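Comments concern the structure below.
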Amino acid sequence: MKSKSAWVCLCVVFIGVAGCSSDATSGGKGTEQFTTWGEEFVEDGIPAGDGTSGFVDGWSLKYAKFLVNFHAIRVADADGNVVAELDKPRFVDNVKPGVKELITFPGLDAKAYTQVSYEIKPAVADEEIVGDSDPDDLKMMVKEGYSVYFEGTATKKKVTKTFHWGFKTQTSYKDCHSAEENGISTEGVVVTNNQTDTSQLTTHGDHLYYDSLQSGDNAKPTLIRFNEKAAADDGPKGDGDGDVTVQEMCQENIDPEIYNTSGLPGATIGDFVISLARTIGHFRHEGECTIKRIDPVPKSVTNPCDEYP
């Protein structure tokens, strides 16, 4: 879903947090729809490439499952007044092709809503299953307490590795805004009179393999890598069975010459991947939100891997 037209974005910028004075957004009612999509990397796979368009180290990867549980989608105005909120969590497998509807909020006052947020948290038994997602996958996630689950196969020349990674992370995505277009970024959403505006909660399948936790203009470009994940299965503490587990990655020390840990607690590939799992959620393709950990941290937990014995 492309960003809104330039005049809408400009109107939001000039008025700051207030509503737009154009006839299209002042008065009347409109609809805000939320969808999700995994983009091509989730649906079609990640090829070998230059580190941005594909794996820098020659691997290619194909997902079999990309399971996500969306909670607490909220739309609020600049004063924090919530005008729309998700009735119950949504379970989706974004490997399934196409954009999928999560929730539609009709009858909203036509104006700008600058505070849009959502959460990705563990599955619950009574949540709504979206599209062709498998009910048995939801049951598995409820049983294991997972919020996200990733399954697939990675290949490099004649070597094949599988993975089945479930994480219990609870993450809040607040203050969502669109990506900059011509130097302009729209905070939240703009509901227009007699129209439906659509916001896509995009999930990014390449984030799990980043070599940096920082975004923006780093001195060293962020690239995607799989060598170190594969090495966890082949290393002295792996079992070499061809399946890369979270526990094996949690035994593989990170190389600070390759990875920018950005102050990450913990020193293993597993700690890094678990932390990166919190970054899969975006807004309108490349738009971003403020990401915050909201799960309680037991006193016994120092590093992310401590929760995956």
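I need the full set of residues from the range 75-91 which are surrounded by 18 or more Cβ atoms within 10 Å (Cβ to Cβ) and out of contact with any Phe, Trp or Tyr (no Cβ under 7 Å at 6 or more places or on another chain), in order please.
Step one: list which residues in the range 75-91 are surrounded by 18 or more Cβ atoms within 10 Å (Cβ to Cβ), which gives 75, 77, 84, 86, 89-91.
Hits for the range 75-91 are LEU86, PHE91.
Which condition does ARG284 not pass, out of (1) touching a helix residue (DSSP H, G or I) at 6+ places or on another chain (Cβ under 7 Å); (2) on the phi > 0 side of the Ramachandran plot; (3) modelled with pLDDT of 90 or more, if it passes all the others?
Unmet for ARG284, out of (1) touching a helix residue (DSSP H, G or I) at 6+ places or on another chain (Cβ under 7 Å); (2) on the phi > 0 side of the Ramachandran plot; (3) modelled with pLDDT of 90 or more: (1).
Considering only the range 205-309, give the helices (runs of 4 or more DSSP H) lying wholly within it that have at least 3 residues that are under 20 Å from the mean Cα position of the chain (by Cα) and touching a residue at least 24 places away in the same chain (Cβ under 8 Å).
On the way: elements: 227-234, 246-249, 269-276.
Helices (runs of 4 or more DSSP H) meeting the threshold: 269-276.
Filter the range 176-196 down to the residues that are surrounded by fewer than 19 Cβ atoms within 10 Å (Cβ to Cβ) and of a type outside the set (Gly, Ala, Ser) and list them by number. Don't jump to the end; show me each part of the working.
Narrowing the range 176-196 to residues surrounded by fewer than 19 Cβ atoms within 10 Å (Cβ to Cβ): 179-185, 193-196.
Once the filter is applied, which keeps residues that are surrounded by fewer than 19 Cβ atoms within 10 Å (Cβ to Cβ) and of a type outside the set (Gly, Ala, Ser), the range 176-196 yields GLU180, GLU181, ASN182, ILE184, ASN193, ASN194, GLN195, THR196.
Can you pull out every residue in the range 126-141 that is under 12 Å from ASP93 (Cβ atoms), at pLDDT 95 or above and surrounded by fewer than 17 Cβ atoms within 10 Å (Cβ to Cβ)? Before the answer, list the steps.
Initially, the range 126-141 is screened for residues under 12 Å from ASP93 (Cβ atoms), giving 129-138, 140-141.
Add one more test, that the residue is at pLDDT 95 or above, and what stays is 129-130, 133-138, 140-141.
If the condition is that a residue be under 12 Å from ASP93 (Cβ atoms), at pLDDT 95 or above and surrounded by fewer than 17 Cβ atoms within 10 Å (Cβ to Cβ), then ILE129, ASP134, PRO135, ASP136, MET140 are the ones that fit.
Somewhere in the range 278-298, is a residue buried (at least 22 other Cβ atoms within 10 Å of the Cβ), under 24 Å from THR202 (Cβ atoms), touching a Phe, Trp or Tyr at 6+ places or on another chain (Cβ under 9 Å) and of a type in the set (D, E, K, R)?
Looking for residues that are buried (at least 22 other Cβ atoms within 10 Å of the Cβ), under 24 Å from THR202 (Cβ atoms), touching a Phe, Trp or Tyr at 6+ places or on another chain (Cβ under 9 Å) and of a type in the set (D, E, K, R), one finds at least one in the range 278-298, hence yes.
The values are calculated or read from the model by the stated rules, or taken from the named source; none is laboratory data. Source: prediction; values computed, not measured. FYI the Cβ positions are ideal-geometry reconstructions off the backbone, even for glycines, and counts take in every protein chain you see.
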